[in-house]
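The values are calculated or read from the model by the stated rules, or taken from the named source; none is laboratory data. Since the structure is predicted, the reported quantities are computational estimates derived from the model, not experimental observations. Glycine gets a Cβ as well: all are built from the backbone with ideal geometry, and neighbour counts include every protein chain shown. Protein only, heavy atoms only, side chains kept; ligands, DNA and RNA dropped before computing areas. Shrake-Rupley method; radii C 1.70, N 1.55, O 1.52, S 1.80 Å.
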Amino acid sequence: MELSTFQDQVRRSEAAYRAQPDHFSRETALWAALPHAVMGAGLAGGAILLGWGFSGLISGASDVLSLLFAIGAALAGTVTLLAALVPLGVRLPKPEGLVLAREAAPGLFEGLDRLQQFFLSEPLNEVHLSTEFEVRLVQRRRWGLLGSRRHTLLIGLPLLMALERRRLLALVGLAVCRLRRRPERFTARMVLQRELVQRVAEQLAHDRRWIAQPTRHFYAWLAPRFLARTQPLVRYEVLMADRLVAKRVGPDIWEAALKEAALKKAWMDQAFWPWLWLRAQRHETPKGPHRALKRKLIEPLPPVFARQTLAALWRRDETEADPQPSLRTRLQSLDPHAQRSLPAHSQSAASKLIEEASLQRAIEAFDREWGQQNAQRWQAYRGTLLRWREQQSHWSHAAQSADELTEWTRLTLGLDPKADVRGPLMAALAQRPQHAAALKGLAEALEALDRPQSLALTTRLFEISPTDKGWAAARMVDALENPVRDVDALRHWRNLQATVQAEHLRIDTQLQDGEPLTHSGPPDLSKLEQDRLLLTLRRQPAIERAWLARKVLPEFLWLRAYVLVLDLPGLDRLRAQALCDELSQDDTLLPGPCRILPVQVGFNPLQDPLQPLDLLSP
């Protein structure tokens, strides 16, 4: 299915669900039964043909034509039966991670038992520790979409290190809640069913036997349509689970869990992973992340970072195509007056619920596995950083232009984010007072040292640079809100921010809608910009290949926009799209907005003007 068709079907499903939710649910149930109906029809048709053919052969054909018809019916019946049985042979891969025994984490399992009792949920077969920063429920069935269910709960070790016990159990409750027997059991089952259908379809896509071709084509047709059909139920299920979990653990704990998890996930993406990979300058072999995470994740976040990140999450525009509601939507669904207040940080880590010896074994195993998976990327990352350091040592500030000075500061900050770059930036502004990149860099550098001057530079940047208006407005609003001293100025900047957000929404609509490569051309990145993009992509082990093109938006010709296509072979379609959505929120990825598409949605990257990116060469 074309991406634009999929998006259109999602919109129509949202509209149908809002208009007649009961009728929509009945139709969705029919869609869920379609694979079983097709398999049953295939088995019945195959049995009829086979029986007819064999009866003709046994009774004896009166002429050659009747004999041929009997043989043909028997062969057709056999082929139909075998093709109908193909889905029963699908074996989904076992969930990743390490099995966590009850004896190794009695406190965790005690809380898990209470949650299951409260939700009257179906039993869990296994609990695994994973390396992801999330809690996720995985369902497998014995024969593809049929047979006994096996439910595995995956709990991310970084999440255990980041949250206290009650907050962690609140997030565990959101996953366990999907196995509830009441209320609203239907939506929970449909969410699990959509994930299962998608995974079965992806397993069949790799089955190249001729007998599997009809089933493979059927599931390739069914899976995207069923995903689009069930999209409204996913959003509804998330809000329903929020209400049930808040009732169990308390609204305050539930709210704090959502906020702190979102903030620490953002901190890992924006601060921890760049810090870890920068160690490639000093270490030739990869250093696993989990030992450092155990120490860093329980520390309080920098107040400015936490405040600005929560404000960005709160402002995030939500569209019908989003797979899940935004943080603000989820909080305000229970309390319409929910505030953008920072939660108190967790005083102790839930990882203490696991015995120390078991915890250390898991950390060592995950770090060893991470090092093996990222060895080649680490060498490429190290080569780029060492090349930057050599370039930095050869540049002379005295005879450089404003552009070169600004480029040098970006290079320096790429090697050491805490470096003092005020001198070169001031020199650049002395040459060109309206240099946007220098204004932005100096405003950031002076934030903690000279706040009034930093805000004055931010104001100048808003006035001269259309591409930086959103950043400047958000920064000014944050500064004027903490603390509030000038109400009129704050109202003025909030109005400006609303105007900029409306423009960004139009930009995003033009970028995301329609064919991705319309009005596109080869990428226009400088060497340093391309290096920074490659470093970010190398930090994502799920990305195997990438392609980039420049996108021209007719209404915003001054804007640099891009289309980035990623090959994520280890992820299913849902998780691949989630990673792309996460990367699209990174303002530092590219010098302009970007539409990121996974190959898993059926987009062909081998077409002009997309150009491949080399992820493994320094």
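With every protein chain present, what is the per residue accessible area of the chain (1.4 Å probe, Å²)? Present the calculation step by step, with values, prior to reporting the outcome.
Details: 29430 Å² over 618 residues.
Accessible surface, normalised per residue, equals 48 Å².
Just grab the label-to-label distance for Ala311 and Leu386, each label 7 Å out from Cα along the Cβ direction, in nm (one decimal).
About 4.2 nm, to one decimal.
Which values, in whole Å and largest first, are the semi-axes of the equivalent ellipsoid of segment 376-457 obtained as the square root of 5 times each eigenvalue of the Cα gyration tensor? Intermediate results must be reported in sequence, preceding the final value.
On the way: eigenvalues 130, 49, 17 Å².
Three semi-axes, in Å: 25, 16, 9.
For segment 268-381, just the Cα set please: Rg and Dmax, both in angstrom.
18.3, 52
Could you pull out every whole DSSP H run in the chain that spans at least 15 Å of Cα extent along its own axis and averages 1.6 or higher on the Kyte-Doolittle scale? Provide the component values of the computation, followed by the final result.
Working: long enough: 3-19 (24 Å, -0.88); 21-59 (55 Å, 0.70); 64-85 (32 Å, 2.28); 106-119 (20 Å, -0.08); 165-176 (16 Å, 1.11); 185-205 (30 Å, -0.10); 213-249 (49 Å, -0.15); 251-267 (24 Å, -0.26); 303-315 (18 Å, 0.33); 356-373 (25 Å, -1.06); 375-394 (29 Å, -1.62); 402-415 (20 Å, -0.10); 451-464 (20 Å, 0.05); 469-481 (18 Å, 0.03); 487-512 (36 Å, -0.64); 527-538 (16 Å, -0.43); 573-584 (16 Å, -0.23).
Answer set is 64-85.
Relative to the compact-globule scaling 2.2 N^0.38 Å, provide the ratio for the alpha-carbon radius of gyration of the chain.
Details: Rg = 27.7 Å, N = 618, 2.2 N^0.38 = 25.3 Å.
Here the answer is 1.09, to two decimals.
Given charges of +1 on the Cβ of Lys and Arg and -1 on the Cβ of Asp and Glu, with all other atoms neutral, how large is the dipole of the chain about its Cα centre, in debye to the nearest 20?
Values: 81 positive and 69 negative charges, 301 e Å.
Dipole size: approximately 1440 debye.
Would you mind calculating the gained length between Asn604 and Ala262 on full extension (0.36 nm times residue separation, minus the Cα-Cα distance), in nm to one decimal? All intermediate terms of the calculation are to be shown ahead of the outcome.
On the way: separation 342, 0.36 × 342 = 123.12 nm, distance 3.27 nm.
Length difference between fully extended and current span is 119.8 nm.
R0 = 51 Å: FRET efficiency of Glu126 with Val304, Cβ-based, nearest 0.05? Before the final figure, lay out each step's value.
Numbers: r = 41 Å, r/R0 = 0.81.
E between Glu126 and Val304, to the nearest 0.05, is 0.80.
Quick one: Cα centre-to-centre distance for segment 471-489 and segment 584-599, in angstrom?
Taking the Cα centre of segment 584-599 as reference, the centre of segment 471-489 is 27 Å away.
Could you work out how far apart the two model spin labels at Trp52 and Arg150 are, taking each label as a point 7 Å from the Cα in the direction of the beta carbon, and quote it in nm?
Between Trp52 and Arg150, the simple spin-label model gives 4.0 nm.
Using only the Cα atoms, what convex hull volume per residue in Å³ does segment 223-334 have? Don't skip to the end; give the middle numbers.
Values: hull volume 18.5 nm³, N = 112.
Hull volume over Cα atoms, normalised by residue count, gives 165 Å³.
Under a 1.4 angstrom probe, counting protein chains only, how are His394, His345 ranked by accessible area, largest first? Don't jump to the answer; show the numbers that get you there.
Details: His394 135, His345 70 Å².
I get His394, His345, largest accessible area first.
Got a number for the accessible area of Thr409? Probe 1.4 Å, square angstrom, nearest 10.
Accessible area of Thr409: about 10 Å².
Count neighbours as other Cβ atoms within 10 Å of each site's Cβ, and list the chymotrypsin sites (Phe, Trp or Tyr not before Pro) in segment 358-434 that are DSSP loop with at most 16 such neighbours.
Counting only loop positions with at most 16 other Cβ atoms within 10 Å, the chymotrypsin sites (Phe, Trp or Tyr not before Pro) in segment 358-434 are Trp395.
Sorted by average packing, counted as other Cβ atoms within 10 angstrom per residue and highest first, what order do 104-114, 124-134, 259-269 take? Present the calculation step by step, with values, prior to reporting the outcome.
Numbers: 104-114: 16.8, 124-134: 18.5, 259-269: 20.5.
For the peptides 104-114, 124-134, 259-269, the packing ranking is 259-269, 124-134, 104-114.
Rounded to the nearest 10 Å², what accessible area does Asp22 show when all protein chains are kept and the probe is 1.4 Å?
Surface open to solvent at Asp22 totals about 110 Å².
Leaving out ligands, DNA and RNA but keeping every protein chain, what accessible area does Arg291 have, in Å² rounded to the nearest 10, with a 1.4 Å probe?
Accessible area, nearest 10 Å²: 130 Å².
Go ahead and collect, in residue order, the members of segment 265-290 whose backbone nitrogen is under 16 Å from a label point 7 Å along the Cα-Cβ direction of Glu364.
288-290
Any chance you could check the Cα centroid distance between segment 548-577 and segment 17-60 for me, in angstrom?
Segment 548-577 and segment 17-60 have Cα centres separated by 40 Å.
Calculate, in nm to one decimal, what Asp22 and Ala44 gain on full extension: separation in residues at 0.36 nm each, minus their alpha carbon distance. The partial results should precede the final answer.
Numbers: separation 22, 0.36 × 22 = 7.92 nm, distance 3.17 nm.
So the extension gain works out to 4.7 nm.
Quick check: Cα centre of segment 345-362 to Cα centre of segment 251-316, how many Å?
Here the two parts' Cα centres lie 18 Å apart.
From largest accessible area down, sort Leu30, Leu610; use a 1.4 Å probe on the protein chains. Present the calculation step by step, with values, prior to reporting the outcome.
Details: Leu30 125, Leu610 15 Å².
The ordering from most to least exposed comes out as Leu30, Leu610.
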